[in-house]
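Asker: Here it is, the structure in full.
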Amino acid sequence: MIIDGKALAQEVEADVKPRVEKLAAQGIVPGLATILVGANPASEMYLRLKHSACSRVGIRSENVVLPEDIHEKGLLDKIQELNNRKDVHGILLQLPLPKHLDPRKAMMAIAPEKDADGFHPCNMGALLLGAERLVPCTPKGIIYALEKLGVNLEGKEAVIVGHSNVVGKPLAAMMLNRNATVQVCHVYTKNLAEHTKDAEVLVVAAGVPGLIKADMVMPGAVIFDVGINRVGNKTLGDVDFDAVKDIARAITPVPGGVGPLTVSMLLAQTVEAAEIQSGKKY
Ligand code: NAD
């Protein structure tokens, strides 16, 4: 089975709309502000997708463009200004930043309750402690898809390839929160295939096209290919899709898999942030 990320994203949007309407009834229009520093065609393309998704569900969105050579204080002041604005409920700092800026410092400046990407240490720490509030969008999308597929993670062997702060680490925490047995592999892992062959659920976020071959996969595995790799004029994932699709029980394509789901989760996160700011309790 090919997991249709676009169809799942539409379901997320349908879930989000009534929450937006409920907020509207309280006089609140959820607002997302994205920040782009400098010109970056890939970032600009991702931001366009995010803003058009916002407009489909009634989230007000704005893009703040800062000059490439902005100094740290200028960026931190802008974040503070957005933190203080009542009409901005979610703030997303588009990465990567130019080299002279420290992304960690900038992300820590975002108010935790407005942290649409879920990267703030308060939100990451809460996630690790089992309280999932605002969490990173890609892992949230993968967990959503597993639930929709009827895959209960409890007791499952889950293997994640890639240990980034954006995907691998938060996903490992989310899977542990659901009582999976989790292995996290990375570039220093010896014998990657020995690990990936254990996986009933395999998530690959390495950024290496075709890293996972057919002989590295357990028959019947559910596979999420997070990788986005431009090779010539094609976009390829980290999994050798054609060879693996007949072995897997279910697999996401690239493009059209994890990408659209990630964008839809940003909408859910922005609405969640607006709900938190309007007094939602945990
Ligand atoms: P990253 O680029 O920060 O780090 C890559 C990770 O993969 C590291 O943990 C590294 O150790 C591991 N790795 C690299 N080569 C490896 C190898 N040969 N064997 C095993 N592990 C290896 O990670 P990221 O930011 O999570 O991005 C990973 C990929 O996912 C990229 O292609 C990125 O574009 C894509 N991505 C897609 C989405 C989406 O929405 N679809 C979201 C985030 C990232």
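The values are calculated or read from the model by the stated rules, or taken from the named source; none is laboratory data. No experiment lies behind these values; they were computed from the predicted model shown. So basically every Cβ, Gly included, is an ideal-geometry build from the backbone, and we count neighbours across all protein chains shown. Side chains are part of the model used for accessible areas, which takes the heavy atoms of the whole protein and leaves out ligands, DNA and RNA. Shrake-Rupley method; radii C 1.70, N 1.55, O 1.52, S 1.80 Å.
Asker: In the range 55-79, how many residues are of a type in the set (Ser, Thr, Tyr) and loosely packed, with under 15 Cβ neighbours inside 10 Å? Break it down into steps so the answer makes sense when it comes.
Answerer: Our first condition is that a residue be of a type in the set (Ser, Thr, Tyr); within the range 55-79, this holds for 55, 61.
If we keep only those that are loosely packed, with under 15 Cβ neighbours inside 10 Å as well, we get 55.
Number of matching residues: 1.
Asker: Those residues that are without any contact (Cβ under 8 Å) to a residue 60 or more places away in the chain, within 10 Å of the ligand (Cβ to nearest atom) and not in a strand (DSSP E or B), I need them from the range 155-165; list them, please. Spell out the reasoning first.
Answerer: Within the range 155-165, the first condition is being without any contact (Cβ under 8 Å) to a residue 60 or more places away in the chain, and the residues that meet it are 155-160, 163-165.
Adding the requirement that they be within 10 Å of the ligand (Cβ to nearest atom) leaves 160, 163-165.
Answer for the range 155-165, where residues must be without any contact (Cβ under 8 Å) to a residue 60 or more places away in the chain, within 10 Å of the ligand (Cβ to nearest atom) and not in a strand (DSSP E or B): 163, 164, 165.
Asker: Quick one: in the range 133-151, of everything that is touching a residue at least 12 places away in the same chain (Cβ under 8 Å), more than 16 Å from the ligand (Cβ to nearest atom) and surrounded by fewer than 21 Cβ atoms within 10 Å (Cβ to Cβ), which residue is nearest to residue 275 (Cα to Cα)? Give the derivation first.
Answerer: Of the range 133-151, the ones touching a residue at least 12 places away in the same chain (Cβ under 8 Å) are 133-146, 148-149, 151.
Next, only the ones that are more than 16 Å from the ligand (Cβ to nearest atom) stay: 133-134, 148-149, 151.
With surrounded by fewer than 21 Cβ atoms within 10 Å (Cβ to Cβ) added as a condition, the list becomes 133, 148-149, 151.
On the way: 133: 11, 148: 24, 149: 27, 151: 28 Å.
The selected residue is 133.
Asker: Say whether the condition of being closer than 16 Å to residue 272 by Cα, buried (at least 18 other Cβ atoms within 10 Å of the Cβ) and not aromatic (Phe, Trp, Tyr) is met by at least one residue in the range 80-88.
Answerer: Yes: one or more hits.
Asker: Under 6 Å between Cβ atoms, at least 6 apart or on separate chains: pull out the pairs that start in the range 185-208 with a residue that is without any contact (Cβ under 8 Å) to a residue 40 or more places away in the chain and closer than 16 Å to residue 224 by Cβ and end on any residue that is more than 10 Å from the ligand (Cβ to nearest atom) and part of a loop (DSSP other than H, G, I, E, B).
Answerer: none
Asker: Looking at 49, 97, which one is within 19 Å of residue 265 (Cβ to Cβ), open to solvent by 10 Å² or more (accessible area, probe 1.4 Å) and not hydroxyl-bearing (Ser, Thr, Tyr)?
Answerer: 49
Asker: For the range 248-267, name all the residues that are buried (at least 22 other Cβ atoms within 10 Å of the Cβ) and away from the ligand (no atom under 12 Å from the Cβ).
Answerer: Result: 248, 251, 267.
Asker: Oh, and also: What number of residues within the range 170-179 satisfy the criterion of being assigned to a helix (DSSP H, G or I) and of a type in the set (S, T, N, Q)? Explain how you work it out, then say what you get.
Answerer: The first filter runs over the range 170-179 and keeps only residues assigned to a helix (DSSP H, G or I), leaving 170-177.
Checking which are of a type in the set (S, T, N, Q) leaves us with 177.
Here the count works out to 1.
Asker: Consider residue 260 carefully, then state whether it is within 13 Å of the chain's Cα centre (by Cα) and closer than 16 Å to residue 3 by Cα.
Answerer: Values: within 13 Å of the chain's Cα centre (by Cα): yes; closer than 16 Å to residue 3 by Cα: yes.
Here the answer is yes, as residue 260 does meet what is asked.
Asker: State whether one or more residues within the range 268-279 are of a type outside the set (Asp, Glu), in a helix (DSSP H, G or I), open to solvent by 20 Å² or more (accessible area, probe 1.4 Å) and modelled with pLDDT of 95 or more. Walk me through how you get there before you give the answer.
Answerer: Within the range 268-279, the first condition is being of a type outside the set (Asp, Glu), and the residues that meet it are 268-271, 273-274, 276-279.
Okay, now just the ones that are also in a helix (DSSP H, G or I), so 268-271, 273-274, 276-277.
Retained after the next criterion (residues that are open to solvent by 20 Å² or more (accessible area, probe 1.4 Å)): 276-277.
Applying the additional criterion that residues be modelled with pLDDT of 95 or more yields 276-277.
Yes, because at least one residue in the range 268-279 is of a type outside the set (Asp, Glu), in a helix (DSSP H, G or I), open to solvent by 20 Å² or more (accessible area, probe 1.4 Å) and modelled with pLDDT of 95 or more.
Asker: Something else: Tally up the residues in the range 226-247 that are open to solvent by less than 10 Å² (accessible area, probe 1.4 Å) and more than 14 Å from the ligand (Cβ to nearest atom), please.
Answerer: Adding up the residues that qualify gives 1.
Asker: Mind counting the residues in the range 236-263 that are assigned to a helix (DSSP H, G or I), free of Cβ contacts under 8 Å to residues at least 40 places away in the same chain and of a type outside the set (A, V, I, L, M)? Give the steps one after another, and end with the answer.
Answerer: In the first step, residues of the range 236-263 are kept if they are assigned to a helix (DSSP H, G or I); the result is 241-244, 258-263.
After this cut, where a residue has to be free of Cβ contacts under 8 Å to residues at least 40 places away in the same chain as well, the list is 241-244.
Next cut, of a type outside the set (A, V, I, L, M) only: 241-242.
Counting residues in the range 236-263 that are assigned to a helix (DSSP H, G or I), free of Cβ contacts under 8 Å to residues at least 40 places away in the same chain and of a type outside the set (A, V, I, L, M) gives 2.
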